[in-house]
1. Is there a residue being surrounded by fewer than 17 Cβ atoms within 10 Å (Cβ to Cβ), more than 13 Å from every other protein chain (Cβ to nearest Cβ), more than 17 Å from the chain's Cα centre (by Cα) and without any contact (Cβ under 8 Å) to a residue 60 or more places away in the chain anywhere in region A:98-107?
2. In region A:18-49, which residues are of a type in the set (F, W, Y) and either closer than 18 Å to A:K147 by Cβ or under 10 Å from the mean Cα position of the chain (by Cα) (or both)?
3. Could you tell me whether B:D101 is out of contact with any Phe, Trp or Tyr (no Cβ under 7 Å at 6 or more places or on another chain), at pLDDT below 80 and either in the same structural domain as B:L251 (by TED's automatic domain parsing) or over 21 Å from B:H248 (Cβ atoms) (or both)?
4. All but one of (1) within 13 Å of chain B (Cβ to nearest Cβ); (2) in a helix (DSSP H, G or I); (3) surrounded by fewer than 19 Cβ atoms within 10 Å (Cβ to Cβ) hold for A:R47, so report the exception by its number.
5. Against the condition touching a residue at least 12 places away in the same chain (Cβ under 8 Å), out of contact with any His (no Cβ under 8 Å at 6 or more places or on another chain) and either among the acidic types (D, E) or not in a helix (DSSP H, G or I) (or both), how does A:I56 come out, does it pass?
6. Being surrounded by fewer than 22 Cβ atoms within 10 Å (Cβ to Cβ), under 16 Å from the mean Cα position of the chain (by Cα), within 24 Å of B:N32 (Cα to Cα) and facing another protein chain (nearest Cβ under 9 Å) is the filter here; which residues of region A:50-94 pass it?
7. If a residue must be over 16 Å from B:S188 (Cα atoms), within 18 Å of the chain's Cα centre (by Cα) and not hydroxyl-bearing (S, T, Y), how many such residues does region B:220-257 contain?
8. Scan region A:9-20 and tell me whether some residue there is within 22 Å of A:A118 (Cβ to Cβ) and either touching a strand residue (DSSP E or B) at 6+ places or on another chain (Cβ under 7 Å) or charged (D, E, K, R) (or both).
Amino acid sequence: MTGMKNRFVLTYVLLVIAQMLLCNYFHFTPYIMLTILPIMVFCIPTRVSVFWTLIIAFVTGLAVDYFAEGIIGLNAAALLPVAILRRTLIEAIFGPEPFEQEENITVKKYGLAKVSLAIFIITAIFLLIYNIADCAGTRPFIFILAKVCLSLLASYILSLLAINLLSYDDRR
Amino acid sequence: MPKERSVVSRIFSIAIFILLEVASLVMLSNNNRFQRLWFARISHGVMAKTWGTSQSIHGYFSLRKQNDELALENNRLQSLVRSYQLAAHESDPMFRPEMADNGFRYIPATIIKSSSNSQHNYLILDKGSDDGVVQNCGIITPDGVIGIVDAVSKHYCYAISFMNTEVNISARIDSSGAVGPLAWDGISTSGAVLKEIPLQYKYNPGDTVYTSGYSAIFPPDIPIGIAGDARVINGATNEIKVKLFQDHSALKYVTIIQNTRAAEIAEIESRNEQ
């Protein structure tokens with residue numbers, strides 16, 4: 001159990017670093033931002049309480065803000081709603097089972113369709129808040145919408161990869 | 001049930017979320033100029049909206065007071081207009097000083113209860129004998145005749161509404177001067193019928209109908225409504241439809257008219273009847 005926990009923590013930290021690299025070096029166009037932060041928060045083990053999920057999300061967001069993008073508070077502000085809605089979303093999409101049996105969300109167990117739906121919803125929430133706060137009323141809403149849609153599609157592939165790495169239970 | 005699902009746990013989680021979210025937004029605002037300006041604009045917008053709403057609510061609840069003040073002001077201005085009208089008569093060579101007093105006293109009042117859905121409607125006003133109201137006082141608004149006081153207590157009076165099939169008031173058509181009893185049509189809150197107009201009196205639809213002043217209750221020349229279509233009754237008189245200026249379904253503030261010479265008129269009337 002401790003080994004699995006350590007492995008999750010290590011993977012999580014490595015993915016945070018990967019996100020920092022993505023933020024710093026992968027700027028192809030202003031219309032696309034790549035993010036795996038929402039799915040990382042989503043994949044925090046279900047036995048972790050909402051309180052600790054919020055704390056982890058806050059610290060993760062601040063770390064990325066501080067070390068990568070320079071807009072302190074932006075990722076944290078966008079990630080916290082994902083953390084608070086995580087349980088509701090999991091129960092709505094996957095049912096009460098993940099919490100009752102304290103098991104992680106995996107593509108293998110729940111299928112690509114349900115996992116994709118979850119990725120789309122939580123990433124859309126994150127991107128919408130992030131981009132609205134980032135643009136701060138200086139860009140038209142159509143630009144924000146276009147950026148959210150394109151980023152959503154681009155981040156989806158990375159999120160699938162991240163969910164596979166974080167859901168280690170499946171690979172025991 | 002898992003402990004996390006308890007209500008206290010949920011409230012705690014939401015409180016932590018709000019705390020952390022506010023902390024994030026404060027950091028975002030403090031460290032970035034664009035975001036600071038954006039938040040300032042949003043907060044100013046919210047404050048303006050909140051103040052506007054609170055002002056609207058405050059304004060709504062102070063409407064009653066404002067209406068009372070307006071009713072008093074209206075009454076004062078009406079008295080002023082009447083005094084100017086009388087003063088204008090002074091240029092008439094036939095004018096005598098005693099004519100300046102037309103014998104009517106005006107008391108502003110508020111309707112505190114009324115009925116409007118029967119054939120015998122009534123009103124209760126917030127003025128009584130303490131305010132100088134007596135039986136058979138008239139009740140008017142700037143747009144017409146409302147009713148007649150029937151009974152008076154110390155602080156209130158009971159009036160028969162014009163929307164009562166038993167009430168007739170003496171009315172005159174402006175163009176022809178023809179006078180007849182005006183009564184509610186019993187159907188609409190703004191409809192009446194002017195009866196017993198002799199056929200020889202010509203009028204045009206659209207003529208204004210006024211109080212005639214031939215009763216001791218209402219002074220002359222209060223505009224009541226607009227004459228409409230007519231029909232001949234028994235081949236002898238016209239019955240003219242009147243569209244009232246005052247919609248009786250939307251009434252709150254009225255003026256009670258007391259004829260200070262009503263007793264004198266009644267006395268001379270009864271003496272001659274004997």
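1. Scanning region A:98-107, I find no residue that is surrounded by fewer than 17 Cβ atoms within 10 Å (Cβ to Cβ), more than 13 Å from every other protein chain (Cβ to nearest Cβ), more than 17 Å from the chain's Cα centre (by Cα) and without any contact (Cβ under 8 Å) to a residue 60 or more places away in the chain, so the answer is no.
2. A:F26, A:F28, A:Y31, A:F42 - these are the residues of region A:18-49 that are of a type in the set (F, W, Y) and either closer than 18 Å to A:K147 by Cβ or under 10 Å from the mean Cα position of the chain (by Cα) (or both).
3. yes
4. Of the numbered conditions (1) within 13 Å of chain B (Cβ to nearest Cβ); (2) in a helix (DSSP H, G or I); (3) surrounded by fewer than 19 Cβ atoms within 10 Å (Cβ to Cβ), the odd one out for A:R47 is (2).
5. no
6. A:I55, A:L62, A:P81
7. Qualifying residue count, region B:220-257: 6.
8. Scanning region A:9-20, I find no residue that is within 22 Å of A:A118 (Cβ to Cβ) and either touching a strand residue (DSSP E or B) at 6+ places or on another chain (Cβ under 7 Å) or charged (D, E, K, R) (or both), so the answer is no.
The values are calculated or read from the model by the stated rules, or taken from the named source; none is laboratory data. Here the structure is a predicted model, which means the values were calculated and not measured. Glycine also receives a Cβ, built like all others from the backbone with ideal geometry; neighbour counts cover every protein chain displayed.
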